[in-house]
Structures are given as structure tokens and as C-alpha cells.
Amino acid sequence: QEQFVESGGGLVQPGGSLRLSCVASGIVFSSNTMDWYRQAPGKQREWVARIGSAGNTVYEDSVNGRFTISRDNAKNTVYLQMNSLKPEDTAVYYCKGTAFGSWGQGTQVTVSS
């Protein structure tokens with residue numbers, strides 16, 4: 001059974017940075033594309049970024065140029081470096097393997113002064 005455990009969220013001021021981590025288990029991590037999603041209060045969950053098994057990346061328009069997704073296959077971990085954070089980035093952030101249906105518990109990111 002696949003499992004995804006997110007961490008690294010917190011409270012940050014506008015313009016600040018955070019790095020989220022997600023450890024995957026129960027999958028062949030190096031062979032799988034990984035995604036980050038987020039869900040803001042009162043809104044539907046939305047896709048944020050993707051990294052392929054070869055390291056190729058793609059981003060949702062509103063985070064392109066501010067967020068960077070990366071992976072460490074030796075640690076079964078995918079990261080989301082978030083810079084120049086805005087209040088509208090406030091959400092619970094989730095990761096998952098693209099091919100899998102399981103969701104983790106998420107990690108809360110709050111951007112506020």
C-alpha cells in the first residue's frame with residue numbers, strides 16, 4: 001500500500017520561503033512521476049507541480065518562477081521549494097504519485113503578516 005507523508009509547512013510572512021518534503025513508501029519511487037497539490041479553505045484541491053522520473057518538471061501558472069519541485073530518489077523524497085510566498089498560497093499542501101490514488105495528511109502552509 002502506497003503512503004505519502006508531507007512535512008515542512010508552517011506560518012511565514014509574505015515574501016518568505018518554505019521547503020516542503022514528502023516521503024513516499026510502498027512504491028518504486030524512482031520510476032514514478034510525483035505531484036504536489038494544494039487545497040485552500042473553501043476551495044477545491046488544485047494541482048501545483050509535477051516532476052517526472054527523469055527530473056523533468058512542470059508548474060501551474062500562478063507558481064511558475066516561484067516554486068521549484070525536486071526529488072531525491074535515494075531518500076524516496078520529493079520537495080517543493082516555495083519562494084516569494086503570497087497570502088493566496090495559503091493552503092494545505094499534499095503530494096502523491098501521479099499513478100496512485102492515496103493521499104497523505106497534508107501539511108499546512110499559512111502566509112500572513
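The values are calculated or read from the model by the stated rules, or taken from the named source; none is laboratory data. Everything numeric here is computed off the predicted structure, so don't read it as measured data. With ideal geometry, Cβ positions are generated from the backbone for all residues, glycine too; neighbour counts draw on all protein chains shown. When the accessible area is computed, the model is the full protein with side chains, heavy atoms only, and any ligands, DNA or RNA have been set aside. Shrake-Rupley method; radii C 1.70, N 1.55, O 1.52, S 1.80 Å.
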**Prompt:** With θ set to phi - 60° and the Karplus curve 6.51 cos²θ - 1.76 cosθ + 1.60, what are the ³J(HN,Hα) couplings of the stretch 10-25 in order, to the nearest whole Hz, using x for Gly and Pro?
**Reply:** x, 9, 9, 6, x, x, x, 10, 9, 10, 8, 10, 9, 9, 9, 9
**Message:** Please list, ordered by chain and number, the residues whose modelled amide H lies under 5 Å from the amide H of Gly10; skip anything fewer than 5 residues away on the same chain.
**Reply:** Val109, Thr110
**Item:** Accessible area per residue, Å², the chain with all protein chains present, probe 1.4 Å
**Value:** 50
**Message:** Please compute the contact order of the chain in relative form: average sequence separation of alpha-carbon pairs under 8 Å and at least six residues apart, divided by the residue count, as a percent.
**Reply:** 38
**Message:** Need one number: nm distance between label points at Ser112 and Trp47, each 7 Å from Cα along Cα→Cβ, rounded to one decimal.
**Reply:** 3.1
**Request:** Could you please tell me the mean projected area of the C-alpha convex hull for the chain, averaged over all directions and given in square nanometres to one decimal?
**Result:** 6.4
**Prompt:** Points 7 angstrom from Cα along the Cβ direction at Ser62 and Val28: gap in nanometres?
**Reply:** 3.7
**Asked** Got a number for carbon plus sulfur as a percent of the chain's accessible area, 1.4 Å probe?
**Response** 45
